[in-house]
1. Taking only Cα atoms and a 10 Å spring cutoff, compute GNM fluctuations for the chain and point out the largest among Ser264, Ser227, Ser246.
2. With the chain treated as a Gaussian network of Cα nodes joined by springs under 10 Å, which of Thr161, Thr324, Thr217 yields the largest mean-square fluctuation?
3. Once you place label points 7 Å from the Cα toward the Cβ at Leu90 and Val203, how far apart are they in nm?
4. So, counting K/R as plus one and D/E as minus one, what does the shell of residues with Cβ under 12 Å around His195 add up to?
5. Once you sort the root eigenvalues of the Cα gyration tensor of region 258-321 as a ≥ b ≥ c, which label holds: rounded (a/c under 1.5), prolate (a/b larger than b/c) or oblate (the other case)?
6. What's the carbon and sulfur percent of the chain's accessible surface, probe 1.4 angstrom, rounded to a whole number?
7. Beyond a 20 Å Cα-Cα separation, which of these cross-linked pairs lie in this structure: Lys207/Lys320; Lys153/Lys193; Lys16/Lys166; Lys236/Lys277; Lys232/Lys277?
8. Work out, step by step, the length gained on full extension between Ser188 and Val162: first 0.36 nm times the residue separation, then minus their alpha carbon distance; give nm to one decimal.
Amino acid sequence: MNFYIDASNIHSGGGKTILNDFLSGAVSFPEINFFIWIDDRYHLPHFVKGNKNLKFFNTSKLARIFIQFSIRNLSKNDDIIIFFGNLPPLIKFRTKTYLFQSNRYLIQNYSTKGMPFNTRLRINIERSFFYLFKKNVDEIIVQSDSMKFILDKTSPKLKTTVKPFKDFNEKLPRRNNFDKNRFIYIASDEPHKNHQNLISAWVLLSKEGIYPNLILTINKGSNVFESVIAAKKEYKLNIDILSNISREDLMKEFSKCDALIFPSFFESYGLPIVEAKIMGMDVIASELDFVRDMIDPIETFDPFSPLSITRAIKRYIKHKDSKTDIIAPTEIIKYLKG
């Protein structure tokens with residue numbers, strides 16, 4: 001049996017981590033040949049080097065469309081075909097074909113407001129492509145019940161299976177000597193990641209004289225980056241930004257924190273939540289289904305409310321939250337009469 005895998009649009013971020021996790025399992029099956037088409041910017045993980053059953057083919061953007069035709073010519077009836085990049089193939093194969101779907105934008109009509117025009121255009125094209133050609137796969141693999149729920153509703157005739165996976169042998173740093181009141185949010189700067197409300201919550205905390213440390217992983221030059229820098233300067237927020245950091249260094253920073261804070265509006269998987277769970281780290285997150293799919297967070301909040309995020313942080317750090325006093329009717333009349 002051979003596995004033919006199209007991962008030609010993956011080279012960084014969560015997609016790369018998930019692909020690496022899959023490959024860490026592939027090396028345990030020397031009797032199976034894995035043929036993997038990858039983006040020419042993708043760097044092979046160290047553990048695949050020397051494994052003769054894994055064969056990689058670097059592919060440029062322009063050549064991606066031809067991969068599936070190569071797979072069609074090479075594959076036989078008892079082989080397995082996997083498309084890793086969230087998009088189904090243009091053609092129907094004669095052998096079992098899977099799609100690994102981890103982009104919620106493509107399966108749900110979620111707003112792309114706030115994104116650059118090119119990004120919005122790409123998502124809308126890919127969303128249409130997905131629904132037009134999804135019939136060319138036999139089964140979709142997702143990594144959360146929330147994703148399956150959406151697909152079962154929008155594509156009831158298509159088999160969808162929940163199979164989250166993680167490389168448990170990856171050497172994540174041990175949590176020790178972590179700093180008190182230190183939080184991290186590992187996320188890109190896309191609108192649904194909800195940095196705006198998170199920063200607003202940190203501003204509200206500062207107005208109460210509370211300055212927990214927040215670590216963000218956003219790229220320099222983005223709109224989010226500039227707004228964070230402005231808020232940090234104006235309110236003297238205790239925020240650190242990690243841009244273009246290696247995964248190894250990021251995991252080291254991760255291990256030093258009290259908790260992962262995760263205010264995202266929606267996720268396909270929520271990989272940092274899974275990694276926090278493996279590392280035994282506390283998670284403070286949106287009270288939404290995608291979070292409960294994976295863990296029971298130590299504190300939750302309404303992601304649409306900076307005040308709710310603020311209160312969750314104060315509960316976590318054991319800072320008493322002031323409550324509104326309820327007064328007698330006579331007191332309101334006294335107030336009104338002056």
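1. Ser246
2. Thr324
3. My value for the distance between the label points is 4.8 nm.
4. Working: positive: Lys193; negative: Asp189, Glu190, Glu226.
My count for the surroundings of His195 gives -2.
5. Values: a/c = 2.49, a/b = 1.33, b/c = 1.88.
Here region 258-321 falls in the oblate category.
6. 54 percent
7. Working: Lys207/Lys320 15 Å; Lys153/Lys193 24 Å; Lys16/Lys166 12 Å; Lys236/Lys277 31 Å; Lys232/Lys277 30 Å.
Beyond 20 Å: Lys153/Lys193; Lys236/Lys277; Lys232/Lys277.
8. On the way: separation 26, 0.36 × 26 = 9.36 nm, distance 2.44 nm.
Full extension from Ser188 to Val162 adds 6.9 nm.
The values are calculated or read from the model by the stated rules, or taken from the named source; none is laboratory data. The structure displayed is predicted, hence computed values, not measured ones. Cβ atoms come from the backbone with ideal geometry, glycine included; neighbour counts cover every protein chain shown. Just so you know, the surface numbers come from the protein's heavy atoms only, side chains and all, with ligands and any DNA or RNA stripped out. Shrake-Rupley method; radii C 1.70, N 1.55, O 1.52, S 1.80 Å.
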